[in-house]
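The values are calculated or read from the model by the stated rules, or taken from the named source; none is laboratory data. Owing to the predicted nature of the structure, the values given are computational and were not obtained by experimental measurement. Note that each Cβ is placed from the backbone with ideal geometry, even for glycine, and that neighbours are counted across all protein chains shown. Remember, those area values only see protein heavy atoms, side chains included, never the ligands or the DNA or RNA. Shrake-Rupley method; radii C 1.70, N 1.55, O 1.52, S 1.80 Å.
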Amino acid sequence: MSKESTRLKIPCEMAVFACSEHKYKQVGCYTASHFIYSGNAHSSDKPVHAVAEATGYPVKSVYRYFRWLICRNWFGKNSYGRYYFRGIDQVHQIEGWKFARAAMMRSKDLQNIQAFMAGVVCASLVQTGKGQRGEQVKGCSKHDVGPISLSVLADVLDVSTRHAQKLRKMADEANYIRNKPTLTEITNWTPEDLKELKKQDLHYLPVELLGYADKKVTAIDRIRYKDDKLFLQEANTIKYLLQLKSRKGLSQYQPPNPSTNVRTK
């Protein structure tokens, strides 16, 4: 039974897991199985080949990903060769994920799974208003636009800032988010001043920002030069283009039947 015309509610924590653990392809195989099958398939139906076709991964690699999914208990397989594809709510419970926020996924997103998962993480941060240091931005849950600091994104995913920047760029280029730099003009220093200050091996500077009354101490590496002026690089503004939903029914989870699961080392 084909489910290719449907959409899946992918838990935002599944996206965090995929990005932080670098398990995009394993998660891609798991989600592909839900687009193609209704819960289970026999090995004679060649589900590995069907998932390989849907994702674009080599068949040999998909066999390896299936073994990982069985070990993780996202898939089960009995002695008769039948695969059981755990429901998303079951996986949510198996992994101990706490939150019910989810993003709508289409089958075409399988071809760009890393960018999609990165976009989901960014969208979730925008909606919670926790995309930058300090106090939560009030009211962000009602909007699809908000600031996301690169360092916060890196911390959430437990990756380097360089890798977080790569993921954000991928999501932007794939049109899952729109990423806009936020530059605020600095009025109390000139580009010539900055050159001299850098020679003194300073790491922080007090800056006055256009439109703001108070001074702010900032890291010198956050200062940008543009059009003969200096600007403070603040948290980028992110607009997410994904549809977020709330997953329901998590409390109705029932443990899978152990007889349908064979673990592989």
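Things worth noting here:
- Per residue, the solvent-accessible area of the chain (1.4 Å probe, heavy atoms of protein chains only, all protein chains present) comes to 55 Å².
- Ordered by solvent-accessible area of protein heavy atoms (1.4 Å probe), largest first, the residues T55, T161, T237 come out as T161, T237, T55.
- Across K25/K239; K23/K60; K25/K98; K23/K108, pairs whose alpha-carbon gap is larger than 21 Å: K25/K239; K25/K98
- Under 20 Å from K166, Cα to Cα: aspartates and glutamates that are on another chain or at least 8 residues apart: E13, E21, D109, D155, D158, D221, E234
- Calculated P(r) of the chain - Cα pairs past 23 Å, %: 58
- Sparse packing (at most 12 other Cβ atoms within 10 Å of the Cβ) combined with a DSSP loop state is found for the following trypsin sites (Lys or Arg not before Pro) in the stretch 37-118: K98.
- Estimated FRET transfer efficiency when R0 is 35 angstrom, pair E208-V145 (beta carbons, to 0.05): 0.85
- The chain: angle of helix 12-21 to the longest principal axis, Cα-based, in degrees nearest 10: 80
- Between T190 and E21, the FRET efficiency estimated from the beta carbon spacing at R0 = 51 angstrom works out to 0.65.
- Computed over the chain: relative contact order in percent, which uses C-alpha pairs under 8 Å that are six or more apart: 24
- Principal-axis tilt of helix 59-71 within the chain, Cα atoms, nearest 10 degrees: 90
- Label positions at Q111 and Q200, each projected 7 Å from the Cα along the C-beta direction, are separated by 5.6 nm.
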